[in-house]
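Notes follow once the structure below has been shown.
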Amino acid sequence: MKFQFEVKPSLCTGCRTCELACAFSHTRDKKPGRSRIYPIAYAPDKFVPVACLQCDDAACVKSCMFGALKRNETTGAIDLDRERCVKCMACVAACPFGCALVDEGHDNEIVKCDLCGGDPACAHFCPTKALVYKKIG
Amino acid sequence: MVNITINGKVVRATEGEMLLDVIRREGINIPTLCQHDALEPAGNCRLCMVEITRTEWDGWKKYVTSCLYPVEEGLIVSTHTSELHEIRKTILDLLLANSPHSDVLQKMAEEYGLHKTSYEPNLEGDNCIMCYACTRICEVLGKSAISPVMRGHEKVIAPPFGEEPPDCIGCLACAHICPTNVITWTDENLTRTIWKKKFELIACEKCGKATISRDFAEYLIEKRGLPKEYFNTCDDCKRVELAQKMGALVDKAKEVAL
Amino acid sequence: MRIDSIDKLAAWRDECRKRLDSQKKKVLVCLGPGCLAGGSDKILEEFHEILSKKKITDVTLEAVKKTGCHGFCAQGPLVIIEPEGIFYTKVKKAHVKEIIETTLEKGELVEKLLYKERNGDGTDHAIVDYHDIPFYKYQKRISLRNVGQIDPDRITDYIAAGGYSALAKTLSSMTPQEVIDQITKSGLRGRGGGGFPTGRKWATCAKIESDIRYVLCNGDEGDPGAFMDRCIMEGDPHSILEGMIICAYAVGSREGYIYVREEYPLAVINLQNAIDSAREHGFLGENIMGTDLCYDIKIARGGGAFVCGESSALMKSVAGEVGEPRAKYVRSVVKGLHDKPTVLNNVETFATIPVIINEGADWFASIGTEKSTGTKAFSLAGKVKNTGLVEVPMGVTLRKIIFDIGGGALKDRKFKAVQTGGPSGGCLPEDKLDLPVDFDTLTKAGSMMGSGGMIVMDDRTCMVAVARYFLGVLVKESCGKCVPCREGLYQLHKLCTKITKGKATEDDLNLMENLSRVISVASLCGLGQSGPNPFVSTLRYFRDEYMAHIRDKKCPAGVCRELITFNINDQCTGCLACIAACPVEAITGEKKKLHVINQDLCTKCGSCYEVCNFDAVDIK
Ligand SMILES: Cc1cc2nc3c(=O)[nH]c(=O)nc-3n(C[C@H](O)[C@H](O)[C@H](O)COP(=O)(O)O)c2cc1C
Ligand code: SF4
Ligand code: SF4
Ligand code: FES
Ligand code: FES
């Protein structure tokens, strides 16, 4: 079974609920994590939610010299193994979409979208259904 | 799959995986200082020692470092005997004697009831505990720019001849992996300095923000076949670029529909 | 001559023997490390110099030759005249002419150069033939069989002495399994210190599926004071090669290395010569002795550290990496050099192999004790009269080695302890002297066999200072990779120093005992695991001496400077000698009047004690 995000920019109001949902669903040590998704204005009052595309031939995976980024076969997401990551920032620099991020609130750890383990909080909470997580194929 | 016993509980594990991994999976906490998932186990700190035996050993037992002991059927493991407590406490005590100022070690030692070292503290000691994490990670990177030099208590981690390491690419992996934060670096005005060597940081061509050094980027480009352009802009600007591209597509689709 | 079939060897041996037998008299000049230091190379030159001008019947130039260490280093430089075995001691270049004129020409003895054995009543008697000297009489030489007897550079000498006959026997009449069975049956245990059964090691290696297997020889010999392996490498290199080739046949190896310690340049030269000539004569390389066996040996130079002798560190060093022990729970017989199955044996172990093959496993097993068969070489050093290289059957007592062979403590002082097993070995006191010397007994007594260093100590030795000295060696030699060894031995040494300064408390001693236990169980390699031994074994047998330092702030042996005072007693004749000797002018007194030491000025250098001829200086 394969899932995919369906993004409908026309429905996105830039309310940033997804951002909040993401941050809180990645809470650790009583601190919300850095959001892995951002609704970004591409024109006045026009928004598009930007998050990791879980690319097939991902630049982040290639850039990691320490094997910390691997495809999760169940969720299809590229997961970052915190125990392997040495915060060298290669993936942050290499991702062509800027979707590997530094979480300043958590000791500058590197974070990226993990599809919440298969049930993305952002899509759950998006009030306008601009973000839908759908079964494909 | 094999069956082993940890602290009296039968646990299933994959033959050949390291004992420490199984112990941790069971939620049992063992202190370690030289273990890191990105590295091959090295056995330097000896904190992860556990006691093992087997029924056929007739009561004979031995102490092994769990980080590099491959699991085998029938192993009977104890992780928290009084002798193990003594071993870990002594090791921390020794480390603290050499690095009395390390907050990481102080905190670990506290957990063993040690508020200060039993030995004469080395007030000039740096906080390096010789775990080799830095040199090992640099080796994984494929550079081996630094290495342990000298022997015994004199041993230090250093670049060749103590000079600027020619193979260093300024990735900071060594500094970040160091459990006791010994390796220092600075980033100032697009210049990174580590191991006394200076590196140019790539400035985002849109906003000027710096992420990694040029040498590191070039190494990744060469080693991993990544396009050079990926490294020209920072993550913030690349997200905006993506939004604009997606937006343009959406607008175009709308126009076509109209 | 290239030996391209087994049969050719016997013919060649006859030829070599005939040639040696034609030399009516042979002059052997010892060029072992001790004698060489005494200038024996000059002695050999002088012989050649004089004899090249002066023709003597019965003595050809070729018959005057160098050998490796003959054993009795304390009497060196040595010159031996065969076939009588005339044993000339402390020879100088100036004596050479006299030896030639008196012994070689006239057949008479140079009395003053003969060895003198002390009689019970304090007089001496000379012994001509070295076989009759107690030092040699009680020995049994297997691994050292040719050392001191042959010229290491002449393969013909080795052949004449029966060399490569064991290899011929192996190749012509034994299967690899039969070789392994023989070695196993002989009970041979590794001579490098661990005492691991050699046959079992070979069997394991042979059994593992692999395209490549290595046979390596450990010639690192890092123990300070030990020189058995050096003497074999320098004095009889072919015996090591032969052992290795037999092993290669048994386990199926094509390639091997001899790892030689950096400080042994002559061993490297002699081994390289031996390898080259063995290859030239068909004992190494492709199709050894015309059979299918192919095996070759290279020399790897040591990394100059004691820990490089440890098997995993050695293999890393041979592979060109830093010589640090590897922390894996896989044995090197299974995954050794370049991760391939590897047999690593000590020099002496390999040198013993050909004899076992020739004489048979049962013969070897009949020597020594049940669990430690055969003989073991030791280097006898320290405060003992007869320092040198000895080889005795396992199971003889320490007393026999130290007193009957070694002649007892130097200057007839009182024996106090013997240290065996190298820097991380232990010290055994007088009441352990009747223990049989074998692997298990020594370990049980708190020391170890090690590679065979044996250091004798007399009553002027402070055991705390001894422990401190050996700990100091180990602190320097620790590779520094693991915490218990690097930091633990460092602290142990520091605390030991504190005791010698009289500043330690009983709490410190408890801390040391506890620390020692942790170092032993938690260290990564053998160095750390046995590292606390010098402390633990001296504490076990000499606790009183430790307590004297700690409680009474006294050093009973009068060694630890901070804890002793020098005083002049009424034996003083007022000779002024000590006054002249004192570097800090701490002694006052007039001629023929009792002298006095000013304690405030005295630096405890011991000069007065050394010069006093009347036992008038007391150390307390
Ligand atoms: C610290 C250390 C140093 C060692 N040094 C030597 C050495 O110098 N020579 C040697 O033959 N074995 C040495 N050994 C023992 C070797 O590891 C190995 O057991 C031996 O070479 C095997 O040969 P054997 O079975 O013939 O004794 C050393 C071991 C340790 C732990
Ligand atoms: S899928 Fe999850 S992790 Fe990814 S952006 Fe949405 S909420 Fe965040
Ligand atoms: S500098 Fe840090 S990482 Fe490197 S050996 Fe020392 S403690 Fe370990
Ligand atoms: S974690 Fe196992 S030895 Fe350090
Ligand atoms: S450094 Fe070798 S045992 Fe620790």
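Computed quantities for the displayed model
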| quantity | calculated |
| --- | --- |
| The range B:2-80: relative contact order in percent, alpha carbon pairs under 8 Å with at least 6 residues between | 42 percent |
| The range C:214-251-the range C:269-291 distance, computed between alpha-carbon centres (Å) | 15 Å |
| As computed over the range A:69-137, the Cα convex hull volume per residue (Å³) | 127 Å³ |
| Proximal charge balance of B:C237 [Cβ under 15 Å; K/R count +1, D/E count -1] | 0 |
| Kirkwood estimate for the range C:375-461, i.e. one over the average of 1/r between Cα atoms, Å | 12.3 Å |
| Structure-based [θ]222 nm, chain C - -39500 (n - 2.57) summed over DSSP H runs of at least 4, per residue, nearest 500 | -10500 deg cm²/dmol |
| Residue of A:I78, A:I110, A:I40 that the Gaussian network model of chain A assigns the largest fluctuation, springs spanning Cα pairs under 10 Å | A:I40 |
| C-alpha center-to-center spacing [the range C:571-620, the range C:173-201] in angstrom | 61 Å |
| Volume per residue of the C-alpha convex hull in the range B:2-80, rounded to whole Å³ | 86 Å³ |
| CD proxy at 222 nm, helix term only [per DSSP H run n ≥ 4: -39500 (n - 2.57); per residue of chain B; nearest 500] | -9500 deg cm²/dmol |
| Between helix C:463-477 and chain C: long-axis angle, C-alpha atoms, 0 to 90°, nearest 10 | 50 degrees |
| Sorted peptide list for C:28-36, C:75-83, C:56-64, C:269-277, criterion being average Cβ within 10 angstrom, highest first | C:28-36, C:75-83, C:269-277, C:56-64 |
| Antiparallel DSSP beta bridges within the protein assembly as shown, as percent of all bridges there, nearest 5 | 75 percent |
| Cβ-based net charge around C:K185, under 15 Å, with every Lys or Arg adding one and every Asp or Glu removing one | -1 |
| Antiparallel DSSP beta bridges within the range C:199-327, percent to nearest 5 | 10 percent |
| Charged-residue dipole, Cβ positions (Lys, Arg, Asp, Glu), the range C:155-365 about Cα centre, Debye nearest 20 | 700 debye |
| Gap separating the Cα centres of the range C:357-392 and the range C:306-355, nearest whole Å | 24 Å |
| Separation in nanometres of the label points that stand 7 Å from Cα toward Cβ, at C:D339 and B:F161 | 3.4 nm |
| 5 Å-binned pair-distance histogram of the range C:410-470 (Cα, whole percent) | 4, 19, 31, 24, 16, 6, 0 |
| Over 32 Å (Cα to Cα) - which of C:K316/C:K503; B:K197/C:K498; C:K137/C:K604; C:K400/C:K501; B:K62/C:K298; B:K116/C:K481 fall in this group | C:K316/C:K503; B:K197/C:K498; C:K137/C:K604; C:K400/C:K501; B:K62/C:K298 |
| Local electrostatic count at C:A409 - Lys and Arg +1, Asp and Glu -1, tallied over other residues with Cβ under 13 Å | +4 |
| Folded to 0 to 90 degrees: helix B:214-224 orientation relative to chain B principal axis, Cα | 80 degrees |
| Pairs of Cα atoms farther than 14 Å apart, the range C:334-402, % | 69 percent |
| Degrees, to the nearest 10: C:176-186 long Cα axis against longest axis of chain C | 30 degrees |
| Protein accessible surface hidden between B and C, which excludes ligands and nucleic acids, total in Å², probe 1.4 Å | 2700 Å² |
| Alpha-carbon Rg/Rh ratio, for the range C:20-131, with Rh computed the Kirkwood way | 0.97 |
| Normalised contact order of the range C:1-107, rounded percent, pairs of Cα under 8 Å and 6 or more residues apart | 32 percent |
| Selected from B:C234, B:C48, B:C134 as most flexible by GNM, with chain B as the system and alpha-carbon contacts under 10 Å | B:C234 |
| Kirkwood estimate for chain A, i.e. one over the average of 1/r between Cα atoms, Å | 15.4 Å |
| Contact surface A-B: accessible area buried, both sides summed, square angstrom, 1.4 angstrom probe | 3000 Å² |
| Translational diffusion of the protein assembly as shown, µm² s⁻¹ [Kirkwood Rh, Cα pairs; Stokes-Einstein; 4 °C; 1.567 mPa s] | 39 µm²/s |
| Fraction of accessible area attributable to carbon and sulfur, the range C:496-620 (%, probe 1.4 Å) | 48 percent |
| Kirkwood hydrodynamic radius of the range C:220-330, from inverse mean 1/r over distinct Cα pairs, in Å | 14.7 Å |
| Cα centre as origin, Lys/Arg/Asp/Glu Cβ charges: chain B dipole, Debye | 480 debye |
| Equivalent ellipsoid semi-axes - Cα gyration tensor, chain C, angstrom | 44, 35, 19 |
| 10 Å Cβ neighbours from other chains, averaged over peptide A:28-40 | 1 |
| Cα centre as origin, Lys/Arg/Asp/Glu Cβ charges: the range C:565-619 dipole, Debye | 140 debye |
| Set of the range A:102-137 residues, backbone N closer than 16 Å to the point 7 Å along the Cα-Cβ line of A:F24 | A:120-128 |
| Relative contact order of the range A:2-136, pairs being alpha-carbon contacts under 8 Å that are 6 or more residues apart, as % | 33 percent |
| Cα-based equivalent ellipsoid of the range C:464-552: semi-axis lengths in Å, sorted from largest, via gyration tensor | 22, 12, 11 |
| Estimated vicinal HN-Hα couplings, Hz - the range C:353-369 in sequence order (Karplus 6.51, -1.76, 1.60; Gly, Pro = x) | 3, x, 5, 4, 4, 6, 8, x, 4, 5, 4, 5, 5, 6, 8, x, 9 |
| Chain B: projected area of the alpha-carbon convex hull, averaged over directions, in nm² | 21.1 nm² |
| In nm, spacing of pseudo-spin labels at C:E98 and A:K31 (7 Å Cα→C-beta vector) | 9.0 nm |
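The values are calculated or read from the model by the stated rules, or taken from the named source; none is laboratory data. Keep in mind that what you see is a predicted model, and the values were worked out from it rather than measured. Here Cβ is always computed from backbone atoms with ideal geometry, including for glycine, and neighbour counts include all displayed protein chains. Heavy atoms of the whole protein, side chains included, go into the accessibility calculation; ligands, DNA and RNA do not. Shrake-Rupley method; radii C 1.70, N 1.55, O 1.52, S 1.80 Å.
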